[in-house]
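What follows is a single structure, written as structure tokens, with notes after it.
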Amino acid sequence: MKIPIYQIDAFTSKVFSGNPAAVCPLGEWLDDSTLQAIAQENNLSETAFFVPEANGYHIRWFTPVKEIELCGHATLAAAFVIFNYFDTSSSEIKFSSRSGKLTVSWEQDLLAMDFPSKAPAPCRTPKELLEGLKMEPLEVLCSDDYFVVFSSEKDICDLSPNMER
């Protein structure tokens, strides 16, 4: 099996800096275990895979250990590959993904991304989070991650969390 791979340094104009991502264009989706094995072999924080569709591309991202819902730098890297090697006349790329519609546009010499916003909402505090923080927060908000609100900067400075927890 031959699959092209591009390694792109995002967020930089210099070689060997920025945030590297692997990009693998595909004609059709391979099974998930193959995509995971490729990402593991690439051994970068993320590998982006994309497949052309009617109005753009479908994109997916894999770390060396699992598929993730969204990755900004790997999306930029995939757009760079498409703009430079696949669709050199386009000024905008539309991606569909597990996290929704994503748009990348070429604006002068820069790429601009438009991602969906997922606002955090109040949620129940997981027992493990409380055990790890060792201090009760005022509020906990959830999105893809937890946001913990304390009453003062001093409360935050006084934290001595159990990092293993």
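The values are calculated or read from the model by the stated rules, or taken from the named source; none is laboratory data. Since the structure is predicted, the reported quantities are computational estimates derived from the model, not experimental observations. Here Cβ is always computed from backbone atoms with ideal geometry, including for glycine, and neighbour counts include all displayed protein chains.
Tabulated data for the structure shown
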read-out: Cβ pairs under 9 Å, 6+ apart, first in the stretch 130-153 and under 20 Å from Glu69 (Cβ atoms), second in a helix (DSSP H, G or I); value: Tyr146/Leu129
read-out: Test: Val51 is within 22 Å of Leu26 (Cα to Cα), touching a His at 6+ places or on another chain (Cβ under 7 Å) and not in a loop (DSSP other than H, G, I, E, B); value: yes
read-out: Search result, residues across the stretch 102-120 that are part of a strand (DSSP E or B) and out of contact with any Leu (no Cβ under 6 Å at 6 or more places or on another chain); value: Leu102, Thr103, Ser105, Trp106, Glu107, Leu110, Ala112, Met113, Asp114
read-out: Residue list for the stretch 62-101, restricted to those being modelled with pLDDT of 95 or more, assigned to a loop (DSSP other than H, G, I, E, B) and under 21 Å from Ser17 (Cα atoms); value: Thr63, Pro64
read-out: Of all residues making up the stretch 57-73, the number that are under 17 Å from Ile5 (Cα atoms) and in contact with a Gly (Cβ under 9 Å, 6 or more places away or on another chain); value: 1
read-out: Hey, Ser152 over 30 Å from Leu26 (Cβ atoms), outside the structural domain of Leu26 (by TED's automatic domain parsing) and among the polar types (S, T, N, Q) or not; value: yes
read-out: Qualifying residue in the stretch 85-92 (condition: surrounded by 22 or more Cβ atoms within 10 Å (Cβ to Cβ), assigned by TED's automatic domain parsing to the domain that holds Ala21 and at negative phi); value: no
read-out: Any hit, the stretch 146-156, residues being farther than 20 Å from Pro20 by Cα, touching a strand residue (DSSP E or B) at 6+ places or on another chain (Cβ under 6 Å) and assigned to a loop (DSSP other than H, G, I, E, B); value: no
read-out: Which numbered condition Leu30 fails, given (1) exposed (fewer than 14 other Cβ atoms within 10 Å of the Cβ); (2) assigned to a loop (DSSP other than H, G, I, E, B); value: (1)
read-out: Pairs with Cβ under 9 Å, 6+ apart, first in the stretch 63-76 and farther than 15 Å from Cys24 by Cα, second crowded, with 18+ Cβ neighbours inside 10 Å and among the basic types (Lys, Arg); value: Ile68/Arg60
read-out: Selection within the stretch 23-56 - over 18 Å from Lys2 (Cα atoms), within 16 Å of the chain's Cα centre (by Cα) and not polar (S, T, N, Q); value: Leu44, Glu46
read-out: Condition met for Thr125 (over 16 Å from the mean Cα position of the chain (by Cα), in a loop (DSSP other than H, G, I, E, B) and either surrounded by fewer than 12 Cβ atoms within 10 Å (Cβ to Cβ) or of a type in the set (A, V, I, L, M) (or both)); value: no
